[in-house]
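*Asks:* Sharing a structure with you now.
Values in this text are rule-based calculations from the coordinates and carry no lab data. All values derive from a computational prediction rather than experimental measurement. Cβ coordinates were reconstructed from backbone atoms using ideal geometry, including for glycine residues, and neighbour counts include every protein chain displayed.
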Amino acid sequence: MSGSLITGIDHIVLTVRDVEATVSFFQAALGVEAVTFAGTRRALIVGDQKINLQTLGQETRNHAVIGSGDVCLLTDAAPGEVITRVEAAGGVIVEGPVAKSGARGPITSVYFNDLDGNLIEVSRYE
């Protein structure tokens, strides 16, 4: 058997201390939309995908740890605009803008930690 069975990524999950504080931070820093699903679960919409948010111990099938996430999000905005928005929301830039390699080629990235220490990379293709 050859070829990939995978066509893309639907969602990822970040484990956080306070779901609503995380929603507020990402809305302020990146302007993402938040949704509620499965009753009371919360997620952030990022393009055609989403980031589901969970608290520690909510999902017992994984080995989640607060702050262990590392995710790269794509933007059409200039790195300076990303930095301005993140800092205005109280975030601290840890690196960037810096040249990196994305799934489809060269990208320019800005890195920051969210409220729980997850590493968030916001990148733009050249």
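*Asks:* First select every other residue whose beta carbon is under 10 angstrom from the beta carbon of residue 120; then total the charges, Lys and Arg +1, Asp and Glu -1.
*Replies:* -3
*Asks:* Can you pull out the trypsin sites (Lys or Arg not before Pro) in segment 39-70 whose DSSP state is coil and whose Cβ has at most 16 other Cβ atoms within 10 Å?
*Replies:* Passing sites in segment 39-70 are 61.
*Asks:* Follow-up. What's the Cα-based Rg to Rh of the chain, Rh via Kirkwood?
*Replies:* 0.98
*Asks:* Which distance in Å, rounded to a whole number, links the C-alpha centroids of segment 28-48 and segment 50-92?
*Replies:* 12
*Asks:* Still on this structure, I have one more. Using a Gaussian network model of the chain with C-alpha springs under 10 Å, which one of 52, 113, 62 is most mobile by mean-square fluctuation?
*Replies:* Between 52, 113, 62, it is 62 that shows the largest mean-square fluctuation.
*Asks:* Using alpha-carbon pairs under 8 Å, 6+ residues apart, how would you state the relative contact order of the chain in percent? Numbers along the way, then the final one.
*Replies:* On the way: 230 pairs, mean separation 30.4, N = 126.
Once divided by the residue count of the chain, the mean separation gives 24 percent.
*Asks:* Which parts of segment 72-99 would a label at residue 113 reach, counting a residue when its backbone N lies under 13 Å from a point 7 Å out along Cα-to-Cβ?
*Replies:* 91-95
*Asks:* Which one of 57, 96, 69 has the biggest mean-square fluctuation once the chain is modelled by GNM with Cα springs under 10 Å?
*Replies:* Sorting by GNM fluctuation, first place goes to 57.
*Asks:* Something else about it: Among 31, 39, 105, determine the one that fluctuates most according to a GNM of the chain built with springs between C-alpha atoms less than 10 Å apart.
*Replies:* Taking springs between Cα atoms under 10 Å, the residue moving most is 39.
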